[in-house]
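This report concerns only the one structure given below.
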Amino acid sequence: MKIVQTKDTMSEIYLDALRIRNHVFVEEQQVPLTLEIDENEAYSVHFVLYVKGVAKATVRLLPIDATHVKVQRMAVEKDARGQGYGQFLLEAAEDFAQKQGFTQITLGAQLSARPFYEKSGYVARGPVFLDAGIEHVEMTKALTPATPNTSGFEL
């Protein structure tokens with residue numbers, strides 16, 4: 001298993017992320033492609049988890065401000081679910097965010113995924129809302145402060 005990240009929207013890593021997102025969100029969940037790929041693609045860091053060279057899971061981090069980052073587009077291929085890949089990927093994204101100096105991480109969790117995020121220390125706040133016709137809840141987690149922006153990731 002290997003996790004890599006990119007900001008390059010022309011890279012194979014990014015294209016692998018899009019393939020996974022297309023399978024999970026567009027094909028399985030019927031999210032319109034026009035909602036799935038948005039104006040934040042180039043501003044995000046895209047992570048992809050590979051198993052034996054095959055892309056199996058993805059997530060992106062979108063910086064909101066100097067201290068706050070948002071987890072988005074978490075997706076695991078159907079044949080790879082239940083094997084802990086989502087947890088590994090989420091931990092890698094959190095570690096990256098912390099090393100960048102972010103101290104707060106949020107996400108909009110589909111209600112079915114809420115227990116997954118709660119196990120990782122996220123706390124729900126606010127009312128249930130619809131995103132792409134799917135019920136979500138906002139969740140947040142504090143990150144331990146680290147040395148700010150030491151690896152060159154720019155907001």
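The values are calculated or read from the model by the stated rules, or taken from the named source; none is laboratory data. For clarity, every value in this text was computed on a predicted model and none was experimentally measured. Please note: Cβ atoms are built from the backbone with ideal geometry, for glycine as well, and neighbour counts cover all protein chains shown.
Against the criterion of being surrounded by 14 or more Cβ atoms within 10 Å (Cβ to Cβ) and not hydrophobic (A, V, I, L, M, F, W, C), Glu135 does not qualify. Taken over region 58-71, the criterion of being crowded, with 19+ Cβ neighbours inside 10 Å and either polar (S, T, N, Q) or not in a strand (DSSP E or B) (or both) is satisfied by Thr58 alone.
When region 106-133 is filtered for residues that are free of Cβ contacts under 8 Å to residues at least 24 places away in the same chain, part of a strand (DSSP E or B) and closer than 23 Å to Thr144 by Cβ, the ones remaining, listed by number, are Val123, Ala124, Arg125.
Listed here are the residues, each with its yes/no results for (1) buried (at least 18 other Cβ atoms within 10 Å of the Cβ); (2) of a type in the set (D, E, K, R); (3) in contact with a His (Cβ under 7 Å, 6 or more places away or on another chain).
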site	(1), (2), (3)
Val76	yes, no, no
Asp79	no, yes, no
Glu91	no, yes, no
Asp95	no, yes, no
Ala109	yes, no, yes
Lys119	no, yes, no
Phe129	no, no, yes
Thr140	no, no, no
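Exactly one residue out of Gly101, Gly133 is out of contact with any strand residue (DSSP E or B) (no Cβ under 9 Å at 6 or more places or on another chain), over 17 Å from Arg73 (Cβ atoms) and modelled with pLDDT under 95, and it is Gly101.
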